[in-house]
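The values are calculated or read from the model by the stated rules, or taken from the named source; none is laboratory data. The structure presented is a predicted model; accordingly, all values stated were derived computationally and were not measured. Using ideal geometry, Cβ is built from the backbone for each residue, glycine included, and neighbour counts are taken over all protein chains shown. Side chains included, ligands, DNA and RNA excluded: accessible areas come from the protein's heavy atoms. Shrake-Rupley method; radii C 1.70, N 1.55, O 1.52, S 1.80 Å.
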Amino acid sequence: MFTTRNILIAVVAGILGCIANSIAITVVTGTPVMGLILSAGREFWSVVFALALIPIFARMGGAAAWITGIVVLNLLATLSAKLIWGAAAPWGLVFIFNGIYAIVATAVYALARKPAH
């Protein structure tokens, strides 16, 4: 399940999801995008959360894995942003921005991994 390949795919998925999230935040709020993208903490936690995709896709298939991955990543990112790091934006906005991260990370992981045969 936790192969080097799957871990690397999850790392890339987390990074690309974080970049998509950063671009969305910049478009809406005008925050400088490079400051968000180059934030080591944001990238680290985006990767850590994306690692949850490995067991999700190993144990589930099809739409169930996609939906579970998106929901789990969105909840992890949103709850940590609001409750741990004190994001000042309203809950709904944080949920939407983190939904972008979750969708992109899940899509990258799902499309890059080898399906089980």
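Conditions (1) closer than 12 Å to Tyr109 by Cα; (2) open to solvent by 40 Å² or more (accessible area, probe 1.4 Å); (3) over 12 Å from the mean Cα position of the chain (by Cα), marked per residue:
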| position | (1), (2), (3) |
| --- | --- |
| Gly14 | yes, no, no |
| Val47 | yes, no, no |
| Ile67 | no, yes, yes |
| Asn74 | no, no, no |
| Gly86 | no, yes, yes |
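Condition check ((1) open to solvent by 30 Å² or more (accessible area, probe 1.4 Å); (2) at pLDDT below 95; (3) in contact with a His (Cβ under 7 Å, 6 or more places away or on another chain); (4) more than 23 Å from Leu93 (Cβ to Cβ)) across all residues:
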site	(1), (2), (3), (4)
Thr3	yes, yes, no, yes
Ile7	yes, no, no, yes
Ala20	no, no, no, no
Ala24	no, no, no, no
Gly30	yes, yes, no, no
Ala40	yes, yes, no, yes
Phe44	yes, no, no, no
Ala64	yes, no, no, yes
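Against the list (1) among the aromatic types (Phe, Trp, Tyr); (2) touching a residue at least 24 places away in the same chain (Cβ under 8 Å); (3) surrounded by fewer than 16 Cβ atoms within 10 Å (Cβ to Cβ), the condition Trp91 fails is (2).
For segment 30-45, filtering for residues that are of a type in the set (Val, Ile, Thr) and either under 13 Å from Asn98 (Cα atoms) or touching a residue at least 24 places away in the same chain (Cβ under 8 Å) (or both) leaves 0. Restricting attention to segment 70-117, the residues being closer than 21 Å to Pro55 by Cα and not in a helix (DSSP H, G or I) number 5. I'd like the full set of residues that are outside any helix (DSSP H, G or I) and within 18 Å of Lys114 (Cβ to Cβ), limited to segment 19-69. Of everything in segment 19-69, those that are outside any helix (DSSP H, G or I) and within 18 Å of Lys114 (Cβ to Cβ) turn out to be Leu51, Met60, Gly61. One residue is enough: does segment 51-65 have a residue meeting the conditions within 18 Å of Ile9 (Cα to Cα) and touching a Leu at 6+ places or on another chain (Cβ under 8 Å)? Within segment 51-65, one or more residues are within 18 Å of Ile9 (Cα to Cα) and touching a Leu at 6+ places or on another chain (Cβ under 8 Å).
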